[in-house]
1. Evaluate the charge dipole of segment A:242-389 about its Cα centre and quote only its size in Debye, nearest 20, assuming +1 on the Cβ of each Lys and Arg and -1 on the Cβ of each Asp and Glu.
2. May I ask you to list the GluC sites (Glu not before Pro) in segment B:15-124 that are in a DSSP loop and have at most 10 other Cβ atoms within 10 Å of their Cβ?
3. Magnitude of the Cβ-charge dipole of the protein assembly as shown, K/R +1 and D/E -1, about the Cα centre, nearest 20 debye?
4. At a cut-off of 30 Å², which residues of segment B:85-126 become less accessible once all protein chains are present than in their chain alone, using a 1.4 Å probe?
5. List the residues of segment A:52-79 whose accessible area drops by at least 20 Å² when all protein chains are present, compared with their chain alone, using a 1.4 Å probe and counting only protein heavy atoms.
6. Where does each of A:LYS135, A:LYS74, A:LYS125 land when they are ordered by accessible area, with a 1.4 Å probe and the largest first?
7. Using only Cα atoms, find the angle between the long axis of helix B:110-123 and the longest principal axis of chain B, and express it within 0 to 90 degrees, rounded to the nearest 10.
8. What net charge is computed for the residues neighbouring A:VAL287, neighbours being all others with C-beta under 11 Å from the C-beta of A:VAL287, Lys and Arg scored +1, Asp and Glu -1?
Amino acid sequence: MVVKIAQISCGTEYSGVQKEVEKAAEIVGAKIYVPEVGLEDVRRVEEELPFAPASSGLKTMLARMFTIVEGKTKPDAILLLTCFRCAEGALTRTIVRRMLQKKTDIPIVSHSFTERTKATNLLLKIETLVDMVEKEALLGRREQSGITIGIDSGSTMTKGAIMKDNEIIAYDWIPTVEVKALASKVMDRLLSKANMSIDKIDAIGITGYGRFILKELHPEKVKLAMEEVTVCSKGAAYLAERLDGDATIVDIGGADNKATTMHNGLPDSFSVGGICAGASGRFLEIVANRLGVTLDELGEIALRGRPDKVMMNSYCIVFGISDLVSSLALGVSKEDAAAASCYSVAEQFYEQQMQEIDVREPIIQIGGTSLIKGLNKALKDMLRAEVIVPPLSQFAGAVGAALLVSGLVE
Amino acid sequence: MGKGAEKERSLKVFISPPNSLILYDLVKRYGYEPLSVMREIEKKVRDPEIDSPPKNITPSDVREGLKYCAVEVPSGVRGRLSLLSKLIEEADLAILVDDPDFEFGCSGCARSNEFLKYLVYERGIPYITLKYPRNEEEAKDFVDTILGFLEKSRRSS
């Protein structure tokens, strides 16, 4: 099955990135197409919608949206693209996304591009769209069966879990250095903890940055190598026991951040970001080092600090650290600096990620950064919503991979 | 009028919207050379060295747009400017139509259109700005005004 992705965009051809969009789709076996519209369709938009962008390229985007809403074309997934820093484009993109999400169930993702956007920058988003379509039945899985291992090879930590008959029987994580060697080490430690040999394992599921290379670990056992957006969100919903109803999964990672909306345990929309590490777990790691505390301690002391006492609102990790150093030199307390750094990350996540999806409560926070209490509080304050941190939240990817791969065992 | 004008030096006219076939035709009939986006795109798509479909605009073209505006200007605007500003640099005259209908022609981006008008103004060449006609009477005035502008420029050149 070739997944058909409708591209609704403005400016890709004049930015020289159209080829990159198509290349990214080709890598994951999808086909990009642009819904056909005529002059009458564009004119109708002006009559029917109380929003009239001045640019005809954006009016055409709205006309293309209507062809999907009215069922004249039936894509499997939708990719929304406008130029980075175009205010009119960003507004139109928001309207198109909201209307499509309200009127259809088609998975959708947005991206704002520059002339430097390459296929690799789009790959995770398009791969996730394709997985949402192609693996919908698998993603609907609610229980794990047999004995399976899940490995989540992240940019900062390699995490693993063994599940047996819907129970997590072992879990472990170590900092990622050499992808394959570390994953192998995690697996050995998991097997040792579970007192098992690899022969007993029915299947291995892998996710995260290292998923491509890790297929070689135990080729006969690896039955699933899937991107981390859907796998982690599935694991999150499972761990939080929110497989029914709505939820939004928040994962502030070491290198990038994800926000995924779910309905009845199925991911249906997402945003992936992290243009700058200033909004990532890496920033908090550097702050903790500068303050001479561990990440756990950073979260604890942040709860006692006042974020408003430190000006730290930078989109750049370098400027963020510069703010921190200047503040400490002025006598700011560690507690206030820690709180400000957590709020800075939460604020940027809110501004960059949460605006690209329609947030559905509750918020389920996962990943290593979900263990930083100051960040949980900052997110809760920022989003004004309930934030759930499920048990073993840092292993959501590994658990999701173990859960999903069990669906592929006969 | 057209034949007489052909004997004069053929002035180059930038038209906005830059892909308006009506403006292109009016200028051409008058005997001047319309500078259109179609010509620039044609050059690009025929170049076998470039592989960036559909318009063969490459990221380096977009960076060329930095000659006219800062990096925070969206890439789609800079890409258009790199293509269309060359036409303005070459032009002797310009005909600019405000708020045209979609089918009259467009470059797709209102911000690019606005900035192109400024580039025309900055170059200091004679130009005319017209309101897009909404009925037959206005359409007649529209054509007469354009022809009058071209005739005046012929006399002064």
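1. For this selection, approximately 400 debye.
2. Passing sites in segment B:15-124 are B:GLU49, B:GLU72.
3. Details: 72 positive and 81 negative charges, 164 e Å.
Result for the protein assembly as shown is approximately 780 debye, rounded to the nearest 20.
4. For segment B:85-126, once contacts with the other chains are taken into account, B:PHE102, B:GLU103, B:GLY108, B:ALA110, B:ARG111 lose 30 Å² or more.
5. So the qualifying set is A:ALA54, A:SER55, A:SER56.
6. A:LYS74, A:LYS135, A:LYS125
7. The angle comes out at about 70 degrees.
8. Values: positive: A:ARG282, A:ARG290, A:LYS334; negative: A:GLU285, A:ASP323.
So the environment of A:VAL287 carries a net charge of +1.
The values are calculated or read from the model by the stated rules, or taken from the named source; none is laboratory data. This one's a predicted model, so the numbers in the text were calculated from it and none came from an experiment. Ideal geometry is used to build each Cβ from the backbone, glycine not excepted, and the neighbour counts take in all protein chains shown. Calculation scope for accessible area: heavy atoms of the full protein, side chains included, ligands and nucleic acids excluded. Shrake-Rupley method; radii C 1.70, N 1.55, O 1.52, S 1.80 Å.
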